[in-house]
Amino acid sequence: MTESTERYARLARLPGVGERGVERLSRARIVLVGCGTLGGAYAQHLVRMGVGTLVLVDRDVVEEANLGTQLLFDEDDVREMRPKAVAAARHLEMINSRVRLEARVADLSAGNAREILGGAHLVLDAADNFEVRFLLNDTALALGLPWIYTAVTGWAGLVMPVVPGRTACLRCLIPEPPEPGSLPTCETAGVWAPAAAAVASAGLTATLRLLLGEAAQPELHELDFQAGTWRKIAVNRRADCPACAGDLPFLEGRRGSQAVRLCGRDMVHLAPESPVRLDLPALADKLREAGTVRLTEYLLHFAAPAGEMYLFPDGRALLKGVTDPGRARALYHRFLSG
Ligand SMILES: [Zn+2]
């Protein structure tokens, strides 16, 4: 028995998996969108199971508020202000050095979705907002890429595999993104973090089945830990679904906003309207006159009486202590023109 077969023996022994399943996994390229509570559970298992390549996509920075629910991070990541994708890769490479890990400190947007998701065998949704999920749905349909819709809020979670052309897509299930504030979020309802592990388990089972070449079951799994129930709800493709018919406004950049309030925190994410490249060291010199500046390999952190922000080389910013996107945008422009 080689070291590799020994390492994955318990997976290989499962009925229906075998050496072939381990081999399929070892050749798979999987993109994980979001490295938070759900993403941490997904990533840990995939890396331990020996997935070939795992692309970690996240736009956020590790903060103390994340440590209560997010398995991949520790206090050192908070002190070092590491982007979540980078911190996740650092922890995961110590678990399994054979897995190829690609950290993408980025906001999945209409401008980069094809490039980031292209070439993947499957995409896992561990995002914290609907805007990204609708973009993911459009991109997956355009590329013919299977993806697993996953969400967790409060005590409950949802999982639905989407196989373009075969099963219902996200817009067959939810035709339009919900109005902000119309649904409970982890901000209003909290999150029972262990539910994320269970939801990720259901998502990983669907992932393995798809990689083994099995047909996806067109159903939504609803796990509710308060009620103690796991329901499976059949979801049919809708004849009038615009996305299934090829209308992909989220990928084409006709839908979606530039400012998003982040789930669970007083923080707003801003992305520039057109691509920019910021000279962070030069900006740091300029901002030092107005407040406290810290420059790392990945970002610039700036704190002043008016507010606090993380700034990335691609022009994105995370504004802290702000909940109103309009005020966040005003602060961003004030700091950058400062
Ligand atoms: Zn559809």
Check your understanding: How big is the chain in terms of Cα radius of gyration and Dmax, in angstroms?
Key -> 20.2, 64
Point to revise | Cβ-based exposure ranking for Ser109, Ser97, in which fewest neighbours within 10 Å come first | key: Ser97, Ser109
Review point. Suppose every K and R has +1 on its Cβ and every D and E has -1 on its Cβ; what is the size of the dipole of the chain about the Cα centre, in Debye to the nearest 20?
Key: 700 debye
Point to revise | With Cα atoms, 0 to 90° folded angle of helix 130-143 axis to the chain main axis | key: 50 degrees
Revision key, fill the gap. Excluding residues fewer than 8 positions from Lys286 in its own chain, the lysines with Cα under 27 Å of it are Lys84, Lys320
Check your understanding: Tell me, Kirkwood radius of the range 1-135 from alpha-carbon pair distances, in Å?
Key -> 15.4 Å
Study note, to complete from the structure: The long-range amide H neighbours of Glu219, using H built 1.01 Å from N in the peptide plane and a cut-off of under 5 Å, are Val235
Study note, to complete from the structure: Relative contact order of the chain (C-alpha contacts under 8 Å, at least 6 apart) in percent is 13 percent
Study note, to complete from the structure: Ranking Val22, Val86, Ala41 by how far each Cα lies towards the positive end of the charge dipole of the range 1-116 (+1 on Lys and Arg Cβ, -1 on Asp and Glu Cβ), the top one is Val22
Check your understanding: Along the charge dipole of the chain, Cβ charges K/R +1 and D/E -1, which of Tyr8, Ala290, Leu311 sits furthest on the positive end?
Key -> Tyr8
Practice item. Using the Cα centre as the reference, give the magnitude of the dipole from point charges on the C-beta atoms of the range 259-337 (Lys, Arg: +1; Asp, Glu: -1; all else neutral), rounded to the nearest 20 debye. Key: 160 debye
Check your understanding: Which percentage, to the nearest 5, of the DSSP beta bridges contained in the chain is antiparallel?
Key -> 70 percent
**Study point:** Qualifying aspartates and glutamates (Cα of each under 17 Å from Cα of Lys232; at least 8 residues distant if same chain)
**Key:** Glu219, Glu222, Asp224
Review point. Hey, what angle do you get for helix 37-48 against the long axis of the chain, alpha-carbon based, 0 to 90 degrees rounded to 10?
Key: 50 degrees
Practice item. Using only Cα atoms, locate the centre of the range 141-212 and the centre of the range 294-338, then give the distance between them in Å, rounded to an integer. Key: 31 Å
Practice item. Report, in deg cm²/dmol and to the nearest 500, the calculated mean residue ellipticity at 222 nm for the chain, where each DSSP H run with n ≥ 4 adds -39500 (n - 2.57) and the sum is divided by the residue count. Key: -9500 deg cm²/dmol
Review point. For the charge dipole of the range 59-161, defined by +1 on Lys and Arg C-beta atoms and -1 on Asp and Glu C-beta atoms about the Cα centroid, which residue among Ala65, Ala142, Phe130 has the Cα displaced farthest towards the positive pole?
Key: Ala142
Exercise for review: Rounded to the nearest 10 degrees, what's the angle between the helix 193-211 long axis and the longest principal axis of the chain, both from Cα atoms, 0 to 90?
Suggested key: 50 degrees
Check your understanding: Arranged by the count of other C-beta atoms within 10 angstrom, fewest first, what order do Ile174, Ile30 take?
Key -> Ile174, Ile30
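All of the numbers you see were taken from the coordinates with simple rules; none came from a lab. Everything numeric in this text was worked out from a predicted model, so none of it was measured. Cβ coordinates were reconstructed from backbone atoms using ideal geometry, including for glycine residues, and neighbour counts include every protein chain displayed.
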